[in-house]
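Here is the structure we will look at.
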């Protein structure tokens, strides 16, 4: 990953010369697209989003050619691949040995982590907006006679946003907790598969459904969740997002960068 110099302009007397959170966030956004891996991952998200919408609009069953269903399919590439971008955003600082430069320019490590989180949220929101626009076009192309073709409850739209943003933050959390790209990516994809296999055991299913991100967060884009569903989502996000982010913040703020 290329290191981006952060220009520090002379400030008036009494003013803090540290780069602001906005500038740090812009730097982190650039890091997501300036590397070959980041560029191709984001290009894959756009391409797969277009492909999923086209296939759904042209080949899906008539009652599935609705705006809500097409949007649900359009969000899946972002939900799957953006976490990898989040992992690389954090872990590459250590694998590419740019952490020393970054922390020398901005000694407050927690501020850098905050900028990475904010950049990830902004990218997730941008991906959601792109999927929304593409889904509108796809629904228009589908021109189906299905009832409520353009219906999209506000609650479901907000859940779509939660799905993409939380997926990105989970990726950032895994990258921060492990500080190595390969193990973080493997764990991110392997653990849900293992939990799904364990969930097929009747005696474990009741417990696994509360911690399996694939099972609890999957319905976020499909239907408006009930109170019980939201309880499962919140518990799952605490395990998959809050805990890794907390571990990652603790490790990064205390790890030697020599």
Exercise for the section: Identify, from the list 255, 223, the residue that is touching a helix residue (DSSP H, G or I) at 6+ places or on another chain (Cβ under 9 Å) and at pLDDT below 90. Expected result: 255
Exercise for the section: Consider residue 56 carefully, then state whether it is surrounded by 15 or more Cβ atoms within 10 Å (Cβ to Cβ) and under 23 Å from residue 120 (Cβ atoms). Expected result: no
Practice task
For the range 63-77, indicate whether the set of residues that are more than 19 Å from residue 165 (Cβ to Cβ), in a helix (DSSP H, G or I), at pLDDT below 90 and in contact with a helix residue (DSSP H, G or I) (Cβ under 9 Å, 6 or more places away or on another chain) is non-empty.
Solution key: yes
Practice task
Might you check whether a residue that is crowded, with 21+ Cβ neighbours inside 10 Å and more than 15 Å from residue 171 (Cβ to Cβ) occurs anywhere in the range 80-90?
Solution key: no
Problem - Condition check for residue 141: under 22 Å from residue 79 (Cα atoms), touching a helix residue (DSSP H, G or I) at 6+ places or on another chain (Cβ under 8 Å) and surrounded by fewer than 23 Cβ atoms within 10 Å (Cβ to Cβ) - result: no
Handout entry: the range 161-208, residues that are loosely packed, with under 13 Cβ neighbours inside 10 Å and either within 23 Å of residue 254 (Cα to Cα) or touching a residue at least 24 places away in the same chain (Cβ under 8 Å) (or both)
Key = 182
Exercise for the section: Collect the residues in the range 213-235 that are surrounded by 20 or more Cβ atoms within 10 Å (Cβ to Cβ) and within 15 Å of the chain's Cα centre (by Cα), keeping them in residue-number order. Expected result: 213, 217, 220, 221
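The values are calculated or read from the model by the stated rules, or taken from the named source; none is laboratory data. Since the structure is predicted, the reported quantities are computational estimates derived from the model, not experimental observations. With ideal geometry, Cβ positions are generated from the backbone for all residues, glycine too; neighbour counts draw on all protein chains shown.
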